[in-house]
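Input: a single structure, listed below in structure tokens.
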Amino acid sequence: MATRRVEHLIVGAGTAGAAAARTLRDAGADVLLVGRELDPPYHRPPISKGLLAGTESRESTFFDGLEGVELLTRTSVMALDTAARTATLQSKDEIEYGSALLATGAMVRRLNLDGSQLDGIHYLRALGNAESLRRDAESAERVVCVGGSYIGCEVAATLTALGKRCTIVMLEAEPLERGFGARAGRWFRGLLESHGVEFVEESSVNGFAGSERVESVLLDDGRSLPADLVVIGAGVLPDVMLARKSGLEIGDLGGVRCDATLRTSAEGVYAAGDVCEYASPVHDGRHVRIEHEDHAERQGETAARNMLGAGEEHRAVPYFFSDLADWASLEYVGGSAEWDSERVEGSMEDGRFSVWYLEGDRVRGVLDVNGHGDLARGREALAAV
Ligand SMILES: Cc1cc2nc3c(=O)[nH]c(=O)nc-3n(C[C@H](O)[C@H](O)[C@H](O)COP(=O)(O)OP(=O)(O)OC[C@H]3O[C@@H](n4cnc5c(N)ncnc54)[C@H](O)[C@@H]3O)c2cc1C
């Protein structure tokens, strides 16, 4: 067992971890970035879009600007002793740190149902998942996407554009309605249907049938949908395994509980990205946990500055983007699941519009479809708290 000392230790070499490492490196600080994946840090959004479609290469997903950052891949951090400020790596090596960042991200929520182990059933989180789904999709004809949120809709769009017949099975009445409401959801459904995607709404999956490979998806109402490929997008769970083991406070939303400066309950330990549940100044101080790429990057940067002693609140307005093949692009600022009225600007019929989500007269979020152009105004309204 070897012991060494670093000024700043980052656990998790995803978006938040990479952004934090870059910021610390730019400040001339000594930083060690430790991740358990085989690959260097990469962007996940292409996994359900360009990488799956075959229009983007694996290398194009890699993070830029990490030159000079010491990176350990294929290495898990097994334990943090927050009192002694030490971390134990899988190799049993011990790292003494001055400050640490937990950027451990999230894990897919797996469905533990009859037939879940059959071939042809996929989840998407890591680069390798997109590659194996793409290979498997080559000979597939009928795809069922489980879940009507981003992953289900994006994958259905990408695979339909590749000539597959896709059905989305979802608990909701309309796709994407949890984030954007029923009105925008109906618009996205119309768009997907116009390209041939089919929907089975307000239904849950009971299991999968087949001998070795999946042949059908079984629904709770007794129906069975033929499928030779299944992609499950049933949400993610924050990866708090290490945090819990290290005695850090876990929040009501299941993430690592942080204050507005992204500081956890332990001295010198911060969190950022999908795992971070923070008291958000742009949400009136409520604790929120957000699963978006840009948000993870911005939080990584804020956390890094605070590891250097800035003591800064994370005030960036959360931003999200998504593409449904080349049929539509959407952007969103806000990140609040609560609103009581909606205002549409532009034309839903023409496919360029925005939806403003309001609570009283307060703007809580803005969805911009196909570049309607309202994001900057939305961001200003959201930041004015
Ligand atoms: C298929 C897909 C498509 C997406 N599309 C979009 C999109 O279009 N727009 C958008 O805004 N967002 C999108 N997202 C979400 C976005 O990618 C995430 O919000 C973002 O990756 C979160 O970054 P993170 O650094 O918090 O976590 P991650 O990127 O998950 O990184 C966490 C890393 O920590 C590692 N780790 C965990 N525990 C340990 C440990 N103990 N030791 C060492 N390493 C550890 C994990 O292996 C992982 O590599 C998408 C996500 C997926 C999966």
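A few points about this structure:
- Rounded if a/c under 1.5, otherwise prolate or oblate - the range 172-270, Cα gyration tensor axes: oblate
- Tensor-based shape of the chain (alpha-carbon gyration tensor, a/c under 1.5 rounded, otherwise prolate or oblate): oblate
- Contact order, relative form, for the chain: 15 percent (alpha carbon pairs under 8 Å, 6 or more residues apart, mean separation divided by residue count).
- 5 angstrom amide H check on Gly115, placed H, neighbours 5+ away: Phe208
- Cα extents for the range 1-71 along the principal axes, largest to smallest and rounded to whole angstrom: 44, 29, 16.
- Under 22 Å of direct C-alpha separation, and excluding same-chain neighbours fewer than eight residues apart, Lys164 reaches these lysines: Lys49.
- Sparse-neighbour loop sites [trypsin sites (Lys or Arg not before Pro); the range 48-123; at most 15 other C-beta within 10 Å; DSSP]: Arg58, Arg74, Lys92, Arg109, Arg110
- If the chain linking Ala384 and Glu267 were pulled fully straight, counting 0.36 nm for each residue of separation and taking away their Cα-Cα distance, it would gain 39.0 nm.
- In percent, rounded to a whole number, the relative contact order of the range 175-256 is 13, using alpha-carbon pairs under 8 Å and six or more apart.
- Cα gyration tensor shape of the range 237-385, rounded if a/c is under 1.5, else prolate or oblate by comparing a/b with b/c: prolate
- The residue list Leu176, Leu101, Gly115 was ranked by how far each Cα lies along the charge dipole of the range 57-181 toward its positive end, using unit charges on Cβ atoms, and Gly115 comes out on top.
- In the range 185-262, a dipole from Cβ-located charges (positive for Lys and Arg, negative for Asp and Glu) runs towards its positive end, and of Ile250, Ser211, His195 it is Ile250 whose Cα lies farthest in that direction.
- Those residues of the range 211-227 whose amide nitrogen sits under 13 Å from the label point placed on Glu141, 7 Å along Cα→Cβ: 226-227
- Per-pair calculated FRET efficiency, R0 = 45 Å: Ala84 and Arg186 via Cβ, rounded to 0.05: 0.20
- With 0.36 nm allotted per residue and the present C-alpha distance subtracted, the Asp361-Glu312 stretch has 14.8 nm of extension available.
- The residues neighbouring Ser204, those whose beta-carbon lies less than 12 Å from its own, together hold a net charge of -4 under the Lys/Arg +1, Asp/Glu -1 convention.
- Placing dummy labels 7 Å off each Cα toward the beta-carbon, the span from Asn370 to Ala173 is 2.5 nm.
- Taking all Cα pairs closer than 8 Å and separated by 6 or more residues, the relative contact order of the range 110-216 comes to 32 percent.
- Nearby lysines by direct alpha-carbon distance to Lys245 (threshold 22 angstrom, same-chain neighbours under 8 apart not counted): Lys92
Every read-out reported here was derived from the displayed coordinates using simple, explicitly stated rules and does not represent laboratory data. Predicted, not measured: the structure shown is a model, and the values here were computed from it. Neighbour counts are summed over all protein chains in view; Cβ atoms, including those assigned to glycine, are modelled from backbone coordinates with ideal geometry.
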